[in-house]
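The values are calculated or read from the model by the stated rules, or taken from the named source; none is laboratory data. Note that the coordinates shown come from a computational prediction; the quantities given were computed from them, not determined experimentally. With ideal geometry, Cβ positions are generated from the backbone for all residues, glycine too; neighbour counts draw on all protein chains shown.
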Amino acid sequence: MFRRLSSFLLVLLAGAGIGWLASGLAGALAGVIAGAMVWFFTDLARGSRVILWLRDPQAREAPTLWGLWGEAADRSRRLLRARDQQLIESEARLQAFLAAIQASPNGVAILDRQGYIEWFNQTAAKDFGLDPQRDLGQQIGNLVRDPVFAGYYAGRDYGHEVLLAGRGSTPQRPVQLSVQLHPYGDGRLLLLSRDVTALAQAEAMRRDFVANVSHEIRTPLTVLSGFIETLQSLELDPTERERYLGLMAAQAERMQTLVQDLLTLSRLEGSPPPGFSEWIEAEELCSLCVDEGQALSALLWPEPAAPQQLRLHAVPAISLAGSSSELRSALSNLVSNAVRYTPAGGQIDITAEILSDGRVEFAVTDTGPGIAPEHLPRLSERFYRVDRSRSRESGGTGLGLAIAKHVAQRHDGELIMTSVLGQGSRFALVLPANRFRPAVAVGQGGAMRAP
Ligand code: ADP
């Protein structure tokens, strides 16, 4: 301020001096006025340069000036630079924040007070079929036409979520979305969507499972209680009584087998996969299952029915790493199925072979009725049966292949099912190369493949 005042006085003084020298006192007075005007216009010009630059600081360079205007320009430049820096930082923060919401597995859309879309992430675009170019600024009600959503949106009661059919949902491949609107700020809305197809499927599976188990248990229970009532109310002769008790025992056994299979399944689901510390010889595994199969065959197809031919082919001298009880349960389920579904006189071949890709395959091939191709993908579902009555008659629980598939997967292997209707079926349990080693190594510390 002092410099500004002194420069002003200096210019006046200079004007007065020049005026005095030119024409005395009157000249000095005119010189002061002229000096004041020069100073005023120069100052105006300097101020205008600063104002001009401040009107559009991006387009022009800041003027380099001395004095008060110079300082004003300098301070303004620094303030603008700080503000630009802040803007860059906020923009970066906003972008990072939006990128985080973009990466969210849930759909997020921001709606203004009138329900116009301000922003949405890719998941929301996928869930609601929105186009990032076309649909920004559009009314959500015009774009999401599902009647359930329309009712929910119009109802303005957003305290709960609603379930909608997702885009591309078909009866074969249903897609379910959980959608909720969350009011925030000054009447804006946050639209959140979540794909709950897997959850809904798991819930449906749980319900089906409980219904199936109840149904499976209810049937023998009804039969049993009917027999008990008969025994209590009727005077039966010993032969009749014996027959009834036999039938009751069969129903009780059926329930026992079912409970056993259910327990096996729940053990398979609830325990960690088998490691590499337990070994069982392939030969022993196959022989045990074939012996069981032969006993079952004799029971189901007693003479004079033509006996089934159960043949165990040469088994490679290898040991398998895993749970021997699980492997036995899986293979014996395959053998028992072959025995139960192949008619009397049929042939069942049990083979074990090291495949060219290094894996080992245990296969059970029968000459039974075969399975139509449309059933094959669903056979290992719990309680899925092609012929319900045939399964029940022969003591099936509908869980055998589900158990076998589980066991295969827990041993990093797979269950391969092939069949030709009217000709027979082949069920193969295939285990990876690291699940077996030469049998001689059992208990002798032989070389073991790394898991
Ligand atoms: P189940 O106890 O009913 O045999 P599984 O899970 O073992 O249950 O088998 C599922 C269904 O697959 C059976 O009900 C049967 O219809 C069919 N199936 C399984 N093995 C054979 C086979 N070897 N031949 C023909 N059908 C079979």
field: Within segment 114-174, helices (runs of 4 or more DSSP H) holding 3 or more residues that are among the aromatic types (Phe, Trp, Tyr)
entry: 147-155
- request: Working only within segment 160-182, note down all residues that are among the small types (Gly, Ala, Ser) and modelled with pLDDT of 95 or more.
  value: Ser178
- line: Taking first residues from segment 5-28 that are touching a residue at least 40 places away in the same chain (Cβ under 8 Å) and second residues anywhere that are surrounded by 12 or more Cβ atoms within 10 Å (Cβ to Cβ) and of a type in the set (Gly, Ala, Ser), the pairs with Cβ under 8 Å that are 6 or more apart or on different chains are Ser7/Gly67
- request: Answer yes or no as to whether Phe362 is within 9 Å of the ligand (Cβ to nearest atom) and assigned by TED's automatic domain parsing to the domain that holds Asn434.
  value: no
query: Scanning for something more than 20 Å from the chain's Cα centre (by Cα), of a type in the set (D, E, K, R) and assigned to a loop (DSSP other than H, G, I, E, B), does segment 89-99 turn up at least one residue?
result: no
field: Boolean, Val430 is under 21 Å from Arg359 (Cβ atoms), more than 13 Å from the ligand (Cβ to nearest atom) and among the β-branched types (Val, Ile, Thr)
entry: yes
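Scan segment 382-411 residue by residue and report those that are more than 7 Å from the ligand (Cβ to nearest atom), closer than 16 Å to Leu331 by Cα and crowded, with 16+ Cβ neighbours inside 10 Å.
The answer is Ile403, Ala404, Lys405, His406, Val407, Ala408, Arg410, His411.
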- request: Of all residues in segment 318-353, count the ones that are more than 23 Å from Gln260 (Cβ to Cβ), more than 14 Å from the ligand (Cβ to nearest atom) and free of Cβ contacts under 8 Å to residues at least 60 places away in the same chain.
  value: 4
Check on Pro147, surrounded by fewer than 12 Cβ atoms within 10 Å (Cβ to Cβ), on the phi < 0 side of the Ramachandran plot and either touching a Lys or Arg at 6+ places or on another chain (Cβ under 6 Å) or not assigned by TED's automatic domain parsing to the domain that holds Arg382 (or both): yes
statement: The condition of being surrounded by 14 or more Cβ atoms within 10 Å (Cβ to Cβ), touching a strand residue (DSSP E or B) at 6+ places or on another chain (Cβ under 6 Å) and farther than 30 Å from Ile228 by Cβ holds, among Leu310, Leu285, only for Leu310
- line: Checking Trp53, Trp39 in turn, the sole residue that is under 24 Å from Arg78 (Cβ atoms), of a type in the set (A, V, I, L, M, F, W, C) and in a helix (DSSP H, G or I) turns out to be Trp53
task: Among the numbered conditions (1) closer than 28 Å to Pro183 by Cα; (2) surrounded by 11 or more Cβ atoms within 10 Å (Cβ to Cβ); (3) among the polar types (S, T, N, Q), tell me where Ser90 comes up short.
output: (2)
task: Check off (1) within 20 Å of Ala250 (Cβ to Cβ); (2) under 23 Å from the mean Cα position of the chain (by Cα) for Gly398 and give me the number that stays unchecked.
output: (2)
message: Looking at Ala428, Ala404 in this structure, which one is in a helix (DSSP H, G or I) and small (Gly, Ala, Ser)?
response: Ala404
- line: Restricted to segment 367-381 and to residues being within 19 Å of Asp208 (Cβ to Cβ) and crowded, with 17+ Cβ neighbours inside 10 Å, the residue nearest to the ligand (Cβ to nearest atom) is Leu379
